[in-house]
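Structure first, commentary second.
The values are calculated or read from the model by the stated rules, or taken from the named source; none is laboratory data. Keep in mind the model is a prediction, meaning the values are calculated, not measured. Please note: Cβ atoms are built from the backbone with ideal geometry, for glycine as well, and neighbour counts cover all protein chains shown.
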Amino acid sequence: MPYNHAMHRTRGWIRAGAWALSGCVLVTATGCAPPAITGDFDSPHAASRLFAARRAAAETDPARLAAAMPGLIRNLDSDDPAVRLLSIEALEKLTGETFGYRHFDPEWLRAPAVARWAAAWEGGEVRLRDGTPVGPDTLGAVVAAERTAIER
């Protein structure tokens, strides 16, 4: 078959286009999301929220626990079942309570349990396994105590 310059040039453009497209897909898939270790509970990426839940479950500092609780409770309502699972596991590990929440239930069955978690948090009724109360005002009290200790 004789050499066809036009056909060879077309194949080159197709190859170049394929490489460019694969590069765009790679950048889109990996470049837009923050690394999971820098993510948080409000990240649009599930991996970041999963990492935040894991980190909260291992936390021992009361101020950081108090700061993590609202995010864990918010993520009980996530559309990602893995985020819901790790969030309730973290909450149960920290508090020993589930308030009847099951991550695999349909949304209409999860909603009342999420509301119970939110109400308990807002009411200051959430306690860690050791009995230490953790609530919205706990964070302020812990920070104030730390400031007082530092100023002395």
Check: Which one of the conditions (1) modelled with pLDDT of 90 or more; (2) loosely packed, with under 12 Cβ neighbours inside 10 Å does Ala113 fail to meet, given that it meets all the rest?
Finding: (2)
Next item on the list: Among what's in the range 49-68 and is in contact with an Asp or Glu (Cβ under 8 Å, 6 or more places away or on another chain) and modelled with pLDDT under 90, pick the residue that is nearest to Leu91 (Cα to Cα).
Entry: Leu65
Next item on the list: Considering each residue of the range 94-110, count those that are loosely packed, with under 13 Cβ neighbours inside 10 Å and in a helix (DSSP H, G or I), and give that number.
Entry: 3
Notebook entry, point to check: Could you give every pair whose Cβ atoms fall below 7 Å, whose first residue belongs to the range 91-113 and is within 17 Å of Ala57 (Cα to Cα), and whose second residue is outside any helix (DSSP H, G or I) and among the β-branched types (Val, Ile, Thr), counting only separations of at least 6 or pairs across chains?
Noted result: Glu92/Thr98; Thr95/Val126
